[in-house]
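Here, each number is a calculation from the coordinates, and none is a lab measurement. Everything numeric here is computed off the predicted structure, so don't read it as measured data. Reconstructed Cβ throughout: ideal geometry from the backbone, glycine too, with neighbour counts over all protein chains shown.
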Amino acid sequence: MAIADAQGIQSPLIPRIATGFCAGIARRGDVCGALSGAIMGINLVYGRNSPDDSRDKDYTAVSELMKQFEQEFSSTACGDLTGCDLTTPEGRESFEENNIKEQCNLYCREATRIAMEQIQLIGDSG
């Protein structure tokens, strides 16, 4: 949503379409939801309008986002980042008890920062 707001894009659909990405895609511990959201933000700016449009700017920005995120946090997987198995009640309890949401807020901030940086860099390069 932060990237959409920065681009002047307002839609009640934006938080709805991202809901299933939380907790590594429906609590599966896969790709970090913050990273997925940042990718969606890049797609808002550089995504295709038709199948024939170029994917180059989008792929460049997304690839760099993922590379930098992984360099900073050593993984792009929610399960690795949180250390919790969110598919289980015990994992969700550990997430709450250990206030891992604060960690996730950091992932959100950094994924957004890197994505915005990539949008700016690609926009400046033409």
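Taking θ as phi - 60°, what are the ³J(HN,Hα) couplings along the range 10-15 by the Karplus curve (6.51, -1.76, 1.60), each to the nearest whole Hz, with x for Gly and Pro?
My calculation for the range 10-15 gives 10, 7, x, 6, 4, x Hz in order.
Can you sort Leu106, Leu65 from fewest to most other Cβ atoms within 10 Å of each residue's own Cβ? Working shown, then result.
On the way: Leu106 13, Leu65 26.
In order of increasing Cβ crowding within 10 Å: Leu106, Leu65.
What is the extension gain from Glu117 to Ser94, computed as 0.36 nm multiplied by their sequence separation minus the C-alpha to C-alpha distance, in nm to one decimal? Could you put the intermediate results ahead of the total?
Numbers: separation 23, 0.36 × 23 = 8.28 nm, distance 3.33 nm.
Difference between extended and current length: 5.0 nm.
Can you compute 3J(HN,Hα) from phi for each residue in the range 16-31, using the Karplus curve 6.51 cos²θ - 1.76 cosθ + 1.60 with θ = phi - 60°, rounded to whole Hz and x for Gly and Pro?
5, 6, 9, 3, x, 7, 4, 6, x, 6, 6, 6, 7, x, 7, 3
Under a 5 Å amide H to amide H cut-off, with H placed in plane at 1.01 Å, what residues pair with Val31 once short-range neighbours are removed?
Amide H neighbours of Val31, under 5 Å, 5+ apart: Cys78.
Report the rotationally averaged projected area of the range 1-102 based on its alpha-carbon convex hull, in square nanometres.
Values: hull surface 29.4 nm².
Answer in nm², one decimal: 7.3.
For Glu110, Glu90, what ranking results if the residue with the fewest other Cβ atoms within 10 Å of its Cβ goes first? Mind dumping the intermediate values first?
Working: Glu110 18, Glu90 11.
Going from sparsest to densest Cβ surroundings: Glu90, Glu110.
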